[in-house]
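Structure record follows, encoded as structure tokens.
The values are calculated or read from the model by the stated rules, or taken from the named source; none is laboratory data. Keep in mind that this is a model prediction, so the values were computed, not measured. Don't worry about glycine lacking a Cβ; one is built from the backbone with ideal geometry, like all the others, and counts go over all protein chains shown.
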Amino acid sequence: MAPARGEDAPQAQVAPPPAGRWGDLGKRALSAALLGPIALTAIWLGAEWFMLLVTVGTAVLAWEWVHLCGARLRAFPGTAVPLALLAAGLASLAGAWGAALALLAAGAGVAWAIARRPALLPGERRPAAWLAAGVVYIGLAGVGLIWLRDAGEAGRANVLFIVLVVWASDIGAYVAGRMIGGARLAPRISPNKTWAGVVGGLAAAIAAGGGVAAALTPGGALPAAAAVAALVGIAAQAGDLLESFIKRRFAVKDASALIPGHGGLLDRADGLIAAVPVAALLSLALGEGGVLWR
């Protein structure tokens, strides 16, 4: 029976038609064209250049995280986050991995403890737990990237694999979500994300992982590469969804306006931040000295 006039019909959680939803494609492509060569060149040139880029990038991500959580950089908890991550990055550059992790733990503790004191953050929501979590979340990704790259040729191959798989996952999810639409993944968190995007991103990640593995290690274990790429791709999409949740939690549209078409660096690197710790744990489990898909 049709609903009476004035009554609302039940609404299915389905994405709207994809027509006209490519408006930001040009800006996204321009941002990728500018950032992509910088990242790939740093990965290829050598560990030192890449580690320096990661250290600087981690500090920028920390600044954006503070903004995302609604805190002020001029307040001590706000400055503690980027300072802790910068110090951890410098410790990683020196190969002091234990010190880097200790700095992350100390920075998280300081940010959490100070942010809970209303007198130091008057009138704010005092997002103590989120500030502390940002130190650990972003810091582990930065230290993990430096640690992975610090393994000679295998390290270069692994980082290149992770970065390209995450990029492919992001592109595949974007294209599939807009071409197909369909059922929404998590409408209360990110209304534009669909299950079609999840499948498209996962397929693109697996294809990219197989391609990178075939190019870097001819005759290598392609099924293993596909499995690792799927794991990295799933983690990347989870990271994207997590940032959407945080932005909705604090009513923020973008982490910053640093990158045209993407908002901030955090908006562009959210998948990579989540994927790196997963890849680092896998590398630890397999033992250092080889590619992730062996």
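Quick one: count up the residues across the stretch 167-196 that are in a loop (DSSP other than H, G, I, E, B) and within 24 Å of V276 (Cβ to Cβ). Result for the stretch 167-196: 1. When residues in the stretch 245-267 are screened for being assigned to a helix (DSSP H, G or I) and surrounded by 19 or more Cβ atoms within 10 Å (Cβ to Cβ), 5 of them pass. Going through (1) more than 26 Å from V66 (Cβ to Cβ); (2) assigned to a loop (DSSP other than H, G, I, E, B) one by one, G201 falls short only on (2). Looking at A255, is it touching a residue at least 24 places away in the same chain (Cβ under 8 Å), touching a strand residue (DSSP E or B) at 6+ places or on another chain (Cβ under 6 Å) and outside the structural domain of E64 (by TED's automatic domain parsing)? Spelling it out, A255 is indeed touching a residue at least 24 places away in the same chain (Cβ under 8 Å), touching a strand residue (DSSP E or B) at 6+ places or on another chain (Cβ under 6 Å) and outside the structural domain of E64 (by TED's automatic domain parsing).
If a residue has to be assigned to a loop (DSSP other than H, G, I, E, B) and surrounded by 15 or more Cβ atoms within 10 Å (Cβ to Cβ) to count, how many in the stretch 221-242 make the cut?
0
Residues in the stretch 188-197 that are surrounded by 15 or more Cβ atoms within 10 Å (Cβ to Cβ) and out of contact with any strand residue (DSSP E or B) (no Cβ under 6 Å at 6 or more places or on another chain): 5 in all.
Among the residues of the stretch 135-150, just one is crowded, with 23+ Cβ neighbours inside 10 Å and at pLDDT below 90, namely V135.
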